[in-house]
Every structure is written in C-alpha cells, then in structure tokens.
C-alpha cells in the first residue's frame with residue numbers, strides 16, 4: 001500500500017480510505033506527516049513530545065490526537081490537537097490545542113465536529129467523559145458530571161447518540177448508557193446553576 005520514505009517505522013499511524021497519517025520521532029519531538037497510499041508524504045507539523053490516539057475524522061478532513069501539555073507542571077496534563085485538512089491534504093488554518101487532564105480513548109463523533117474521551121482531572125482520582133469540539137467557539141463539556149463511581153473506559157455508539165461506560169459498584173459493576181446531547185445540555189445548565197442531571201440508562205449489570 002505504501003513505502004515510507006523514512007528509515008524507521010512510523011511512531012503513530014492512522015488510516016482513512018486511501019489516506020494515512022503518521023508520526024516520526026525526531027529528538028524529543030514528533031513530526032506528523034500525511035499522504036495517500038503510494039503518494040508523496042507531506043510534512044504537517046511538529047509537536048513536542050509524544051503523540052497518542054492519532055485518528056482521522058469520519059469525513060477524512062481532519063485529524064485529532066492527544067499531545068503533552070505545553071509546559072511541565074501546568075494545570076493540564078495533556079492537550080487535544082485538531083488539524084483540519086484540505087482535499088490536497090494540506091493544513092487548513094492553524095491547529096487547535098485544547099488543554100485537558102490526563103486523557104485516553106479518543107473517539108470522533110459521526111459529524112466530524114467533536115470527539116469524546118476519558119479524562120482523569122488533575123488531583124482528583126476520578127474519571128469523566130469529555131466532549132471536546134474542533135470549533136473554538138464551542139466549550140468542552142463533561143458528559144458524566146454526576147457519576148461518582150469509578151470507570152476506566154468509554155465507547156461512543158456508531159450513530160454518535162450515546163456513550164457507554166462500565167461503572168464499578170460495590171460487589172458488582174454496571175454498564176451505563178449516557179445520552180450525549182442530553183448530558184451536554186445538563187452540563188451547560190449546571191454551569192448556569194441549574195440542577196438538571198444527564199440522562200443515563202442502565203444497560204446491563
């Protein structure tokens with residue numbers, strides 16, 4: 001499918017149709033490249049440190065990844081990186097960096113406008129599911145602000161309507177389904193001092 005022009009194997013690799021994106025370590029940084037199969041590789045950008053969860057958007061017009069915080073000792077442990085791409089696989093506009101806690105498990109929603117991920121906020125020992133938008137005008141929201149039980153995974157449904165979380169309970173565990181739109185609305189109302197709670201349904205036990 002593709003012969004890489006670099007001597008070593010790619011550090012991170014993401015595929016979408018005939019498009020590929022990958023990272024190559026250069027010193028203490030990771031350089032991101034994009035290409036079509038068997039085509040020329042285009043240097044996209046360099047990021048200090050490692051790059052994780054490199055993923056194409058469903059429409060193939062953007063990349064998202066998890067990268068380290070800009071400064072050590074900062075309040076955020078990671079940042080979510082968004083890069084929009086033209087049909088020619090060139091960066092369209094400046095990349096967007098969104099500060100977060102320690103995050104993993106990045107999933108694009110079907111509309112290619114936002115991602116969900118599991119976050120462990122600094123100094124809390126708890127986890128929550130975040131929805132992070134590529135549009136800087138949209139604010140990051142927590143989809144599970146009222147879930148006190150620990151959980152270490154989140155999976156977004158193919159239609160982008162729900163997030164499933166396996167929550168640990170005393171002596172058992174349960175799989176909960178969170179309505180993404182209802183949870184986002186409840187989070188906004190909570191920030192406005194409303195007592196609304198996200199819609200959750202128990203799927204299995």
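The values are calculated or read from the model by the stated rules, or taken from the named source; none is laboratory data. Given the structure is predicted, the values throughout are model-derived calculations rather than measurements. Using ideal geometry, Cβ is built from the backbone for each residue, glycine included, and neighbour counts are taken over all protein chains shown.
Applying the condition of being in contact with a strand residue (DSSP E or B) (Cβ under 7 Å, 6 or more places away or on another chain) and in a helix (DSSP H, G or I) to the range 158-187 and asking which residue is modelled with the highest pLDDT yields 180. The residue that is modelled with the highest pLDDT, counting only those in the range 189-205 that are exposed (fewer than 13 other Cβ atoms within 10 Å of the Cβ) and at negative phi, is 191.
Of the strands (runs of 3 or more DSSP E) that lie entirely inside the range 72-126, not one contains 3 or more residues that are free of Cβ contacts under 8 Å to residues at least 24 places away in the same chain. With respect to residue 145, is the statement that it is touching a helix residue (DSSP H, G or I) at 6+ places or on another chain (Cβ under 8 Å) and more than 30 Å from residue 35 (Cβ to Cβ) true? Yes, satisfied.
Screening the candidates 99, 150 for the property of being surrounded by fewer than 16 Cβ atoms within 10 Å (Cβ to Cβ) and closer than 15 Å to residue 67 by Cα yields one hit, 99.
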